[in-house]
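Asks: Have a look at the structure that comes next, please.
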Amino acid sequence: MPAELRQQGYSEAQLRLVSEKVPCREAQAAALLALFGEPDHYSFPSIFIYGHRAMGKSHVTLTLLRELQMPHVVVSCVECVSPGLLFEQVLGSLFDSSAVTLSRSPSLSDFVRLYRQLCAEDSAKHTRYIVLDRAEVLRDMSANLLPGFLRLQELDNVTVILLSEIVWDKFRPSTGCFEPLQLHFPDYSKGLQQILAQDSHPSYSAELYTFYINILLGVFYSVCKDLRELRHLAALNFPKFCEPLEKGEAEESDTHKLWRNIEPHLKKAMQTVYLRELPYYSKFLLIAAYLASYNPARTDRRFFVKHHGKIRKTTFLKKHEKTSNHLLGPKPFPLDRLLAIFYSVVDSRVAPTASIFSQISSLVTLQLLTQVGHDDQLDNPKYKCTVSLDFIRAIARTVGFDILRYLYDFL
Amino acid sequence: MSKRKSKDTQWTAGECVSQAQKILRERYCYQRVPSSPVGIESQRKNLLELLRRTAIHGESNSVLIVGPRGSGKTMLLKSVLKELFEVREVQSNVLLVHLNGLLQTDDKIALKEITRQLQLENVVGDKVFGSFAENLTFLLEALKKGNRSSSRPVIFTLDEFDLFAHHKNQTLLYNLLDISQSAQTPVAVVGLTCRLDVLELLEKRVKSRFSHRQIHLLNPMDFHQYIETTQEHLGLPQDFPDERFAQEWNSSIKMLCEDRSVKDVLRKHFNTSKDFRSLHMLLLMALSRVTPTNPTIKPGDIQEASRLCSMDAKANILHGLSILELCLIIAMKHLSELYDGEPFNFQMVHNEFKKFIQRKSHSIHNFETPVVLKAFEHLQQLELINPMDGPSAKIQKEYQLVKLMLDHSQIMEALQKYPQCPTDVKQWATSAFG
């Protein structure tokens, strides 16, 4: 049973409208409203609401402020490139915008002075609310913004609400500040199904859609709990789910058949495949670069020289190899090592023409190789290979090269 | 349910509760100066005497009020100034300039603010000054009244004093303290700061001009006084319109403060922090549960408010993670234990996770690398993982070294509370080696 919203100072009709718009979040809305109190009462100078993405933080706060008609302004801090934009938005929404004249790059001092001035002309009968969404951006804007906003209630009956994904411990300045009241919006648990089921398609029954949602959650819930993403995935995959019904192959009650149809499709939806078309020699250059990055230089002789003779693994080597090179990342290699490996890997005789070198630089532009060290080191530039093992295996497969045989970590 | 009184006004229960809420909220939120601040009598007398000497006898002074956040520095200053300005001579003669380190982040801005507060904008007009010192002396000269040879006394209050020490060359501080040492104008410089080591921040020439007077505000309350203060702060004042309601309220508060569980809660808060701000936060949360149908504060309200105030935020965030993200965190925990706190990258974590899936897991199936990378990036976005050297374009994101910002006990606690956590994941977490 959802808790009813009750607060003196607001009509029952308004409160009922609010609780209809915030399904599964009535408890949080009630807690927030209880903190706000009546329209002309003071509330705590600053409130910090935190929780994962798509938990309804902005939605609940905005619904409360809008439906109950409290004077407020909402600013998304990500959109404010400079503090000036933030100040303009706050003053412009709370006061009559014609009276607001800010200088070109206003400081917090200008903002406070102007705010005090405008308050004196138009003092608040009801509490004003300033909502700062994505408040974590404020930390990097200017060191005094966050502590300043937390204390804004010294000027007027205003409460600042900060919304963020990140916990308050990461916000606190080193010398401390006025601590805000913290409110947590927990994850949905049972309510997720309820909310997702509200998106049902008109031409199909609600039970069918609920069944579909249950399958979807079964596959994706262990990876992703974000409501927005799940709604997107549900909308994306529903047509495929309904295919057998459209074609007449199954009825709504053939749950098993529908499940068998959609489950592999959903599992595949979690995979992504990348493969780009590269010219023939570029592929070999990339393979050679990968080998140069992930094989230690002393093992080149073993792999690439014919009749190399035996190489003994001494105990010295064994003790120091605790992690494979694949876990540490690619190592840089000089250009001549790359060319040496390239020539031994490519079957036919290839002359060192300029086109080979230009292919190397185009691999760098494609960010499949990166140049390490100074740009002006012309005689022996160093590179490293930045593609993953799966990618290079796919490439090697297209040219018929067994790369695993040449990698030191897979011996 | 209206309360009948012999006098004219009749207040309903709803109105009484509303009025009580209004008064108490103003007390907790708006920081009204209490008529008789407790426990700081000697400091108050000290400061009052100092400012009186500047205001009436024309003696220049400088003093620093030092105390932790929420210990009452601003409150002390405000109450002293209020008492001082009750004297007529002071009211007509002395000027007050309030500066704040958070707002005036630059000496230029500070100078403009001083000009504005001394109301000398017209006098300054478009003049251009060579240096800060010239500007300041001009301002103070301009304050000389008509035929009197001495300038009017000015009291400068500098809030967040330590932030002013970060300005370039500390010009503002140097000039203000310089003027307070030379006998030209009677000037009092009062600084408020929360840093005990504020004098270390000052340059030598600034420090030598400072009088080294410090007033420390250390709250010497004991637990008994803390409970008494709580009772006082929760009580309704004498002039409350409905006497009967006020009496009932005050007696219920008295009973509340004698309740065993409430005393335990208050002791827990007292042991964490003695300052009034956190007490007010607790009381406000308890007060917000008071409604006309529930017109008193009960022990349960205080307990619930305490629980909300002392929640572990990181544990709450961990509760909302997906299973895959939780598994990655456990993998990271094992890596830090195995390699003694050394940083790791995504490939190492993924490797550890794959080992778990191949050997021990029944319920978690293998996810594709991009999916696992996305989960890793989400953890980075929540700042549960921090990169060692900041974001770098040169290193691929799979190989960038990061470290985990959670400790062992937080992870284990989160696992206990995690809804429907698979048993093999729990066992993996508690096993010694991955």
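Asks: Quick check: anything in region B:84-96 within 14 Å of chain A (Cβ to nearest Cβ), part of a helix (DSSP H, G or I) and of a type outside the set (Asp, Glu)? Break it down stepwise before answering.
Replies: Of the residues in region B:84-96, the ones within 14 Å of chain A (Cβ to nearest Cβ) are none.
For region B:84-96, residues within 14 Å of chain A (Cβ to nearest Cβ), part of a helix (DSSP H, G or I) and of a type outside the set (Asp, Glu): absent.
Asks: Look through region B:367-383, keep the residues that are of a type in the set (A, V, I, L, M) and in contact with an Asp or Glu (Cβ under 9 Å, 6 or more places away or on another chain), and return whichever of them is farthest from the other protein chains (Cβ to nearest Cβ). Write out each step before concluding.
Replies: Step one: filter region B:367-383 for residues of a type in the set (A, V, I, L, M), giving B:371-373, B:375, B:379, B:382.
Still in the list and also in contact with an Asp or Glu (Cβ under 9 Å, 6 or more places away or on another chain): B:373, B:375, B:379, B:382.
On the way: B:LEU373: 10, B:ALA375: 7, B:LEU379: 12, B:LEU382: 6 Å.
Looking at the filtered set, the residue picked out is B:LEU379.
Asks: Further, regarding this structure: Sort out which residues of region A:198-248 are in contact (Cβ under 8 Å) with a residue 60 or more places away in the chain and either within 14 Å of another protein chain (Cβ to nearest Cβ) or not in a loop (DSSP other than H, G, I, E, B) (or both), and write them in order of number. It would help to see each step written out before you state the result.
Replies: Start the filter on region A:198-248 by keeping residues that are in contact (Cβ under 8 Å) with a residue 60 or more places away in the chain, which leaves A:198, A:225-229.
Once the filter is applied, which keeps residues that are in contact (Cβ under 8 Å) with a residue 60 or more places away in the chain and either within 14 Å of another protein chain (Cβ to nearest Cβ) or not in a loop (DSSP other than H, G, I, E, B) (or both), region A:198-248 yields A:LYS225, A:ASP226, A:LEU227, A:ARG228, A:GLU229.
Asks: Would you please list the contacts, defined by Cβ atoms under 6 Å and residues six or more apart or on different chains, that run from a residue in region A:87-115 that is assigned by the TED database to the domain that holds A:VAL74 and farther than 21 Å from B:GLN104 by Cβ to a residue that is assigned to a helix (DSSP H, G or I) and of a type outside the set (S, T, N, Q)?
Replies: From residues that are assigned by the TED database to the domain that holds A:VAL74 and farther than 21 Å from B:GLN104 by Cβ, the pairs are A:PHE95/A:LEU118; A:VAL100/A:LEU91; A:VAL100/A:GLY92.
Asks: Could you tell me how many of the residues in region B:393-432 are away from every other protein chain (no Cβ under 14 Å) and outside any loop (DSSP other than H, G, I, E, B)? Steps first, please.
Replies: Of region B:393-432, the ones away from every other protein chain (no Cβ under 14 Å) are B:403-404, B:408-409, B:411-413, B:415-416, B:423, B:426-432.
Still in the list and also outside any loop (DSSP other than H, G, I, E, B): B:403-404, B:408-409, B:411-413, B:415-416, B:423, B:426-430.
Matching residues across region B:393-432 total 15.
Asks: Tell me whether region A:191-202 contains one or more residues that are of a type outside the set (Val, Ile, Thr) and touching a Gly at 6+ places or on another chain (Cβ under 6 Å).
Replies: First, the residues of region A:191-202 that are of a type outside the set (Val, Ile, Thr): A:191-194, A:196-202.
In the following step, the residues that additionally are touching a Gly at 6+ places or on another chain (Cβ under 6 Å) were identified as none.
Within region A:191-202, not a single residue is of a type outside the set (Val, Ile, Thr) and touching a Gly at 6+ places or on another chain (Cβ under 6 Å).
Asks: A further question follows. Taking A:LEU368, is it in contact (Cβ under 8 Å) with a residue 60 or more places away in the chain and within 12 Å of another protein chain (Cβ to nearest Cβ)? Talk me through it step by step, then tell me what you get.
Replies: On the way: in contact (Cβ under 8 Å) with a residue 60 or more places away in the chain: yes; within 12 Å of another protein chain (Cβ to nearest Cβ): yes.
So A:LEU368 fits the description; yes.
Asks: Next question, about the same structure. Please go through region B:253-300 and give me each residue that is among the small types (Gly, Ala, Ser) and either surrounded by fewer than 19 Cβ atoms within 10 Å (Cβ to Cβ) or in contact with a Gly (Cβ under 9 Å, 6 or more places away or on another chain) (or both), ordered by number. Working first, answer last.
Replies: First pass over region B:253-300, keeping only residues among the small types (Gly, Ala, Ser): B:261, B:273, B:278, B:286, B:288, B:300.
Residues satisfying the conditions are B:SER261, B:SER273, B:SER278, B:SER288, B:GLY300.
Asks: Considering only region B:236-259, I want to know if a residue exists there that is touching a strand residue (DSSP E or B) at 6+ places or on another chain (Cβ under 9 Å), in contact (Cβ under 8 Å) with a residue 60 or more places away in the chain and assigned to a helix (DSSP H, G or I). Walk me through it before giving the result.
Replies: Residues of region B:236-259 that are touching a strand residue (DSSP E or B) at 6+ places or on another chain (Cβ under 9 Å), as a first pass: B:241-242, B:244-245.
Going one step further and asking which of them are in contact (Cβ under 8 Å) with a residue 60 or more places away in the chain, we end up with B:241-242, B:244-245.
Now restrict to residues that are assigned to a helix (DSSP H, G or I): B:244-245.
Yes, region B:236-259 contains a residue that is touching a strand residue (DSSP E or B) at 6+ places or on another chain (Cβ under 9 Å), in contact (Cβ under 8 Å) with a residue 60 or more places away in the chain and assigned to a helix (DSSP H, G or I).
Asks: Which pairs do you get when a residue that is more than 7 Å from chain B (Cβ to nearest Cβ), found in region A:39-52, comes within reach of a residue that is assigned to a loop (DSSP other than H, G, I, E, B) and of a type in the set (Lys, Arg), reach meaning Cβ atoms under 7 angstrom, with the pair 6+ apart or on two chains?
Replies: A:ASP40/A:LYS125
Asks: (1) closer than 21 Å to B:LEU81 by Cβ; (2) modelled with pLDDT under 90: which one isn't true of B:ILE23, the others all being true?
Replies: (1)
To keep it simple, each residue is scored yes or no on (1) more than 14 Å from chain A (Cβ to nearest Cβ); (2) under 26 Å from the mean Cα position of the chain (by Cα); (3) outside any loop (DSSP other than H, G, I, E, B); (4) modelled with pLDDT of 90 or more.
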| position | (1), (2), (3), (4) |
| --- | --- |
| B:ARG27 | no, yes, yes, no |
| B:PRO34 | yes, yes, no, no |
| B:GLY39 | yes, yes, no, no |
| B:LYS45 | yes, no, yes, yes |
| B:LEU51 | yes, no, yes, yes |
| B:LEU64 | yes, yes, yes, yes |
| B:GLY70 | no, yes, no, no |
| B:LEU77 | no, yes, yes, yes |
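Asks: Another question, then. For the list (1) buried (at least 18 other Cβ atoms within 10 Å of the Cβ); (2) outside any loop (DSSP other than H, G, I, E, B); (3) within 14 Å of chain A (Cβ to nearest Cβ), I need the number of the one condition that B:THR105 fails.
Replies: (2)
Asks: Is it fair to say A:PHE87 is buried (at least 17 other Cβ atoms within 10 Å of the Cβ) and either within 14 Å of chain B (Cβ to nearest Cβ) or modelled with pLDDT of 90 or more (or both)? Spell out the reasoning first.
Replies: Details: buried (at least 17 other Cβ atoms within 10 Å of the Cβ): yes; either within 14 Å of chain B (Cβ to nearest Cβ) or modelled with pLDDT of 90 or more (or both): yes.
Here the answer is yes, as A:PHE87 does meet what is asked.
The values are calculated or read from the model by the stated rules, or taken from the named source; none is laboratory data. From a predicted model like this one, the values you see are computed outputs, not experimental measurements. Note that each Cβ is placed from the backbone with ideal geometry, even for glycine, and that neighbours are counted across all protein chains shown.
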